[in-house]
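The values are calculated or read from the model by the stated rules, or taken from the named source; none is laboratory data. Source: prediction; values computed, not measured. Cβ coordinates were reconstructed from backbone atoms using ideal geometry, including for glycine residues, and neighbour counts include every protein chain displayed. Quick note on the areas: whole protein, heavy atoms, side chains included, nothing else; ligands and nucleic acids left out. Shrake-Rupley method; radii C 1.70, N 1.55, O 1.52, S 1.80 Å.
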Amino acid sequence: MSKKILLDKINVPGIKSYEVYRQNGGYASVEKAINDMGADNVVEEVKKSGLRGRGGAGFPAGLKWSFIDKKSGKPRHLVCNADESEPGTFKDRYLMEYIPHLLIEGMITSSFALGAHLSYIYIRGEYMWVYKILERAIAEAKAAGWLGKNILGSGYDLELYVHCGAGAYICGEETALLESLEGKRGNPRIKPPFPAVSGLWQNPTVVNNVETIASVPWIINNSGDDYAKIGIGRSTGTKLISASGHIKKPGVYEIELGVSVYEFMNSDEYCGGMIDDRPLKALVPGGSSVPIIPHNLIYKTAAGEDRLMSYESLSDGGFETGSMLGSGGFIVYNDTACIVRNTWNFARFYHHESCGQCSPCREGTGWLEKVLNRIENGYGREEDIDLLWDIQRKIEGNTICPLGDAAAWPVAAAIRHFRDEFEYHVRFPEKVKNRAHFVDEPFEKVRHLLQKQTV
Amino acid sequence: METAYKQNLNMSETLMNRINELLSRYPEDKKKSALLPVLHEVQDAHDNWLSIELMDKVAEILSIKPIEVYEVVSFYSMYNRSPQGKYMFEFCKTSPCCLRGVEDLMDYTCEKLGVEVGETTADGLFTVKGVECLGACGYAPMMQLGDFYKEHLTKEKIDQLIDDCKNDKIILLDK
Ligand SMILES: Cc1cc2nc3c(=O)[nH]c(=O)nc-3n(C[C@H](O)[C@H](O)[C@H](O)COP(=O)(O)O)c2cc1C
Ligand code: SF4
Ligand code: FES
């Protein structure tokens, strides 16, 4: 068993409740931070830990905290990003649902470090029952004196509230999230200014993912140095992976960063191998926004090294032969999956979720969806494949927020690695009219048809 | 926007208390921030949809302009601007769920209820919808029903759910 620091107590009966959580050492980090350390030392420990943001971008958390504007004298806020809407990702929900006090403890310790007196957890509206779990847990923590005025007699005050969204992926983008928290449409803001200078209600604000904040108590209780010893290189610590798709045991797993992809996929501690023992075809390792990689680049990098579950190894080779750790949304495809259909499905998702502010994203995602849809359904033309390439290239880098890139990358990767599958769809339209075409007849079995028909 | 349907407003004391509790979570001069959570509560108390009259009422309570409510309601997918079936089966149709057979299950459900995706049964009991990833990809296929998720679905479980709905055995809201 590898190191667990987030889920180590998940199986303790009653850990959802305040009493049991407290009896198991809960809230010790708040005591240590406030009584013994002081705010600046908490930031220092988090810096030393090397903890990187778990929302997708992997930005060092301690560094982000150190950017918060303390000079302006304005109130500061910590906002937890619990919007979790990236397809393939369901780990934050697991933490909040089964050990809600861990997040609340993390929020208190982190708010103290930032000098925030009013903090929020922004949770997606669909997680309504989890919203209620958090509301109840916050009430418990407050009744026990961990929130409110003069916490632990230190003079430090903190109010923490949970706030719910209402169905919009884009509100996971931090500035859209802040707009939404202000009661508006979730339109991302142009940066700079960054939230650390002008965030919620124009006050200095730090936005962090649930898992990032839930990692803070362990770091404070042990030490940043101890945390940095877990993991590999600049990928310190543990990471929650949401595993889905064609594997025997889908679910949320805590891994020590650096385990091999092979082990994660095949060991009984994690995914347990492929469902029905069918061949592995492709992998999306970090949520729908990251490039899909074909089977020959999953266990080994292009350089022939073992592919590891770490920020560096998963992105080894760049977008040509690598991908990204992203949010840890690990989606596995076997030979019955259709890459064109998957790409179309994701394009439809991004089109639906585009906020509409930038034309390349608003229009481009629509075009991607349309063209992919016709290819998938047997109405595609040979030139559509280059057209798709062209559209995605014109979206990437030309938008206010990274949703545009997130829509473009999966299309680029699918064409890069699975171009023959697109060609097959175009040249054998009758064979793809049934949506389960590769379930009936996996591509490996029909790929030879393409050879006979090269143009 | 036009009022296509009529709705009886029922701003009960329980609802108003909850709204005031939500308002207390934001600074005195930032009450607009409560808009999304307040709309959820108001919608829950009004058969899961929001008429123009109801949105105007919310604007009045938050002391903001009606347009500020309309533009938010039209942006977020969880707010309904027309009446919905009492039981809204919201299937996740994003790719990871498709890998585990959600499309066949939606076909099955639609056929059984005699509706297309997006439609409501004549008795007003069921609406079938396709929505985007609900953060349950590892428990696919799945759907949202009220405030809860129904996961690892099978045809048998759909049959059971439909029966339970008809027999009033389903809890929709987590209050
Ligand atoms: C379109 C889009 C959606 C995002 N969705 C989420 C999300 O659901 N949860 C999350 O934590 N971060 C999400 N992010 C990343 C956030 O903008 C932000 O980087 C993150 O919350 C910072 O927290 P971290 O540093 O702890 O990772 C998203 C970004 C984009 C561009
Ligand atoms: S890239 Fe897309 S989602 Fe992001 S701001 Fe522009 S239109 Fe909105
Ligand atoms: S894809 Fe269906 S819940 Fe994520």
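Every residue, every condition in (1) within 16 Å of ligand 3 (Cβ to nearest atom); (2) in contact with a Pro (Cβ under 8 Å, 6 or more places away or on another chain); (3) among the aliphatic types (A, V, I, L, M), yes or no:
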| position | (1), (2), (3) |
| --- | --- |
| A:L63 | no, no, yes |
| A:A82 | yes, no, yes |
| A:Y94 | yes, no, no |
| A:G115 | no, no, no |
| A:A139 | no, no, yes |
| A:W146 | no, no, no |
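Against the test of being assigned to a loop (DSSP other than H, G, I, E, B) and either open to solvent by 10 Å² or more (accessible area, probe 1.4 Å) or within 14 Å of another protein chain (Cβ to nearest Cβ) (or both), the options A:T343, A:T336 yield a single qualifying residue, A:T336. Count of the range A:300-333 residues, restricted to those that are open to solvent by 50 Å² or more (accessible area, probe 1.4 Å) and closer than 17 Å to A:L280 by Cα, is 2. Considering the range A:353-372, the residues that are more than 13 Å from ligand 1 (Cβ to nearest atom) and within 14 Å of chain B (Cβ to nearest Cβ) include one that is most open to solvent (accessible area, probe 1.4 Å), namely A:R362. The residues listed here are A:G38, A:G53; of these, the one that is among the small types (G, A, S) and in contact (Cβ under 8 Å) with a residue 12 or more places away in the chain is A:G53. Say whether the condition of being part of a strand (DSSP E or B) and open to solvent by less than 10 Å² (accessible area, probe 1.4 Å) is met by at least one residue in the range A:134-145. Looking for residues that are part of a strand (DSSP E or B) and open to solvent by less than 10 Å² (accessible area, probe 1.4 Å), one finds none in the range A:134-145, hence no. Could you tell me whether any residue of the range A:436-445 is within 23 Å of A:A176 (Cα to Cα) and either exposed (fewer than 15 other Cβ atoms within 10 Å of the Cβ) or within 16 Å of ligand 3 (Cβ to nearest atom) (or both)? No, the range A:436-445 contains no residue that is within 23 Å of A:A176 (Cα to Cα) and either exposed (fewer than 15 other Cβ atoms within 10 Å of the Cβ) or within 16 Å of ligand 3 (Cβ to nearest atom) (or both). Within the range B:9-62, being more than 12 Å from chain A (Cβ to nearest Cβ), open to solvent by 50 Å² or more (accessible area, probe 1.4 Å) and either of a type in the set (F, W, Y) or assigned to a loop (DSSP other than H, G, I, E, B) (or both) holds for B:L9, B:N10, B:D47.
In the range A:183-209, the residues that are more than 14 Å from chain B (Cβ to nearest Cβ) reach residues that are polar (S, T, N, Q) with C-beta atoms within less than 6 angstrom, at least six apart or across chains, in these pairs: A:R189/A:T175; A:P195/A:T205; A:V207/A:N81. Kindly provide the set of residues from the range A:411-434 that are in contact (Cβ under 8 Å) with a residue 60 or more places away in the chain and either in contact with a strand residue (DSSP E or B) (Cβ under 8 Å, 6 or more places away or on another chain) or not hydrophobic (A, V, I, L, M, F, W, C) (or both), ordered by number. Correct list: A:A413, A:R416, A:H417, A:F418, A:E421, A:H425. On the given criteria, is A:M128 in contact (Cβ under 8 Å) with a residue 12 or more places away in the chain, away from ligand 1 (no atom under 12 Å from the Cβ) and facing chain B (nearest Cβ under 10 Å)? When the stated conditions are applied, A:M128 passes them. With respect to the conditions (1) more than 28 Å from A:K191 (Cβ to Cβ); (2) in contact with a Ser or Thr (Cβ under 8 Å, 6 or more places away or on another chain), A:A406 lacks only one, and its number is (1). Reported count of residues in the range B:39-69, each being over 14 Å from the mean Cα position of the chain (by Cα) and within 20 Å of A:R124 (Cα to Cα), is 1. Residues in the range A:190-223 that are touching a Ser or Thr at 6+ places or on another chain (Cβ under 7 Å), open to solvent by less than 10 Å² (accessible area, probe 1.4 Å) and over 12 Å from A:L78 (Cβ atoms): A:P217, A:I219, A:I220. Take the conditions (1) under 30 Å from A:I15 (Cβ atoms); (2) surrounded by fewer than 19 Cβ atoms within 10 Å (Cβ to Cβ); (3) within 14 Å of chain B (Cβ to nearest Cβ); (4) not small (G, A, S); A:L158 misses just one of them, which is (2).
Can you find a residue in the range A:42-52 that is more than 14 Å from chain B (Cβ to nearest Cβ), farther than 21 Å from A:G328 by Cβ, surrounded by 23 or more Cβ atoms within 10 Å (Cβ to Cβ) and among the small types (G, A, S)? Within the range A:42-52, none of the residues are more than 14 Å from chain B (Cβ to nearest Cβ), farther than 21 Å from A:G328 by Cβ, surrounded by 23 or more Cβ atoms within 10 Å (Cβ to Cβ) and among the small types (G, A, S).
Does A:T236 fit the bill of being closer than 23 Å to A:Y270 by Cα, at pLDDT 95 or above and either open to solvent by 10 Å² or more (accessible area, probe 1.4 Å) or away from chain B (no Cβ under 14 Å) (or both)? Yes; evaluated as a whole, the condition is true for this residue.
Apart from one condition, B:F126 fits all of (1) touching a helix residue (DSSP H, G or I) at 6+ places or on another chain (Cβ under 7 Å); (2) among the aromatic types (F, W, Y); (3) at the interface with chain A (Cβ under 10 Å from one of its Cβ atoms); the exception is (3).
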